[in-house]
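Asks: Pasting a structure below so you can have a look.
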Amino acid sequence: MTKKPLIISTDPGIDDVAAMTISLFADELDVRMIVPTWGNVPLEYTTQNTLDLEKFLHTKVPVVIGANQPLVAPMISAASVHGKTGIAGFEFEKANTDLVKPGLAATLMAEEIKKSPEKVTLMGIGPLTDYALLFKQYPEVKENVEQVVIMGGNIGRGNHSPLAEYNIAGDPEAAQVVFHSGLPVKVAPLEIGNKAHLTPEQMDKVKECGEVGNMLYSMFSNIHEPDGDPRIKIYDPTAVGILLHPEMFTMRKANVEIELRGQYTYGASVINFMDQEHVNAEIATDVDLDKFAKWFIDSIKKADQGRE
Ligand code: RIB
Ligand code: CA
């Protein structure tokens, strides 16, 4: 099987940890680099969390430090959900910075994409600041990008504000650049993560997946949903699911524009299924819950077995 080359832009973040863990041990993926960016918590924490996770998982994928703030928007934070350092509920052994590849993220991503014999997939599970900078600085790399797969946006109500989802609201201008990149964009919106929540029984199965399962269980048990919803929603792995098993999802083509001017709607992802003339994305509108839950738990088990 030819592995899909993958770059992950991420703001760990508890659900980012789950998404990275699954990706790093997936047979179908060749994770070329991980780009921690500002997002749930500041860049210093997302970078250290990425390094600590790789130390825990015994992986050695290069870490390229991304943006420390949005392009234009004011900084936001989800520390109330993920904890001050971005990872509530589990204490990793601190890693050193040996895995950090020095240089500007846009430049290092461009070099990786240009030298890859196969087209590279870009996964975004945090604000899209670094991909916007990449496309603006090195537009030529797009010819060797397979697709962009993101967790972000919302068909209906938001989770950062009434109409905006966190990742898009974090950097609306960057999101607009990505949706207007001309590349295939696949979207796991908020609704999919809300639907693919973990039941208590599934949480127990996660806990039974060795040290990796226990790590994730400890974190998931500490996610504090802003609306107090007791269901455990793990948004970012739905983007990995779309990349690896699109058959688990119902995808619909749409035109997506990001609201950049609204006083109360800034950062809203306006997902228009009616406009089939200006399609720029495929949106997941449903997920087979049983298949997704089985894949999710099997993937965690696989990660634990793969972590010598
Ligand atoms: O809205 C959910 C998204 O915001 C997830 O990526 C979560 O990690 C936060 O970044
Ligand atoms: Ca995230």
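The values are calculated or read from the model by the stated rules, or taken from the named source; none is laboratory data. Given the structure is predicted, the values throughout are model-derived calculations rather than measurements. Ideal geometry is used to build each Cβ from the backbone, glycine not excepted, and the neighbour counts take in all protein chains shown. Areas reflect the complete protein model, heavy atoms only, side chains present, ligands, DNA and RNA absent. Shrake-Rupley method; radii C 1.70, N 1.55, O 1.52, S 1.80 Å.
Asks: What are the ³J(HN,Hα) couplings of segment 255-269, residue after residue, when phi is run through the Karplus curve with 6.51, -1.76, 1.60 and θ = phi - 60°? Round to Hz, x for glycine and proline.
Replies: Once rounded to whole Hz, the list reads 9, 10, 10, 9, 6, 10, 10, x, 5, 10, 10, 3, x, 5, 9.
Asks: What does the net charge come to around Leu133 if you take all other residues with beta carbon closer than 12 Å to its beta carbon, with K and R at +1 and D and E at -1? Intermediate values should be presented prior to the final figure.
Replies: Values: positive: Lys136; negative: Asp130, Asp171, Glu173.
Summing Lys and Arg as +1 and Asp and Glu as -1 gives -2.
Asks: Next up: Rounded to the nearest 10 Å², what accessible area does Leu104 show when all protein chains are kept and the probe is 1.4 Å?
Replies: Only protein atoms counted, so the area is about 130 Å².
Asks: Moving on. Express in nm, to one decimal, how much length is gained between Lys136 and Val100 on full extension, taking 0.36 nm for each residue of separation and deducting their alpha carbon distance.
Replies: Computed gain between Lys136 and Val100 is 10.6 nm.
Asks: Short version: ³J(HN,Hα) in whole Hz for each residue of segment 185-191, in order, from phi by Karplus 6.51 cos²θ - 1.76 cosθ + 1.60 (θ = phi - 60°), x for Gly and Pro, what are they?
Replies: Coupling constants for segment 185-191: 10, 10, 10, 9, x, 3, 4 Hz.
Asks: Which of the GluC sites (Glu not before Pro) found in segment 1-105 are loop residues per DSSP with 14 or fewer other Cβ atoms within 10 Å of their Cβ?
Replies: Listed in order of number, the matching sites are Glu28, Glu91, Glu93.
Asks: On to the next question. Between Val72 and Lys60, with labels modelled 7 Å along Cα→Cβ, what's the label distance in nm to one decimal, could you check?
Replies: 4.4
Asks: With just the Cα atoms of the chain, tell me how far they stretch along each of the three principal axes, in Å, largest first.
Replies: 48, 42, 39
Asks: Just to verify a number: what accessible area does Arg32 come out at with the full protein assembly present, 1.4 Å probe, Å² rounded to tens?
Replies: 50
Asks: What does the charge dipole of the chain about its Cα centre add up to, to the nearest 20 debye, if the Cβ of each Lys and Arg holds +1 and the Cβ of each Asp and Glu holds -1?
Replies: 260
Asks: Between segment 234-308 and segment 59-91, what is the separation of their alpha carbon centroids in Å?
Replies: Each part reduced to its Cα centre gives a spacing of 20 Å.
Asks: Using a 1.4 Å probe over the heavy atoms of the protein chains, calculate the carbon and sulfur portion of the accessible area of the chain as a whole percent.
Replies: 52
Asks: Using the heavy atoms of the protein chains alone and a 1.4 angstrom probe, what is the accessible area of segment 63-179 per residue in square angstrom? Walk me through the numbers before you get to the answer.
Replies: Working: 4940 Å² over 117 residues.
That works out to 42 Å² per residue.
Asks: For Ala164, list long-range residues whose amide hydrogen, built 1.01 Å from N in the peptide plane, is under 5 Å from its own amide hydrogen.
Replies: Residues meeting the criterion, in which the H sits 1.01 Å from N, are Gly158, Asn159.
Asks: Subtract the Cα-Cα distance of Gln305 and Met274 from 0.36 nm times their separation in residues, and report this length gain in nm to one decimal. Provide the component values of the computation, followed by the final result.
Replies: Details: separation 31, 0.36 × 31 = 11.16 nm, distance 4.54 nm.
Full-extension gain reported as 6.6 nm.
Asks: For Glu277, Glu257, give the ranking by accessible area with the largest first, probe 1.4 Å. Intermediate results must be reported in sequence, preceding the final value.
Replies: Working: Glu277 160, Glu257 60 Å².
So, going from the largest accessible area down, we get Glu277, Glu257.
Asks: Mind scanning Lys136/Lys195; Lys115/Lys233; Lys119/Lys302 and naming the pairs with a C-alpha gap bigger than 32 Å?
Replies: As for pairs spanning more than 32 Å Cα to Cα, those are Lys136/Lys195; Lys115/Lys233.
Asks: Tell me the relative contact order for segment 58-128 as a rounded percent, counting alpha carbon contacts under 8 Å between residues six or more apart. Numbers along the way, then the final one.
Replies: Working: 31 pairs, mean separation 32.6, N = 71.
With pairs under 8 Å counted, the relative contact order is 46 percent.
Asks: Express in Å², to the nearest 10, the accessible area of Asp30 obtained by rolling a 1.4 Å probe over the protein heavy atoms while all chains stay in place.
Replies: 50
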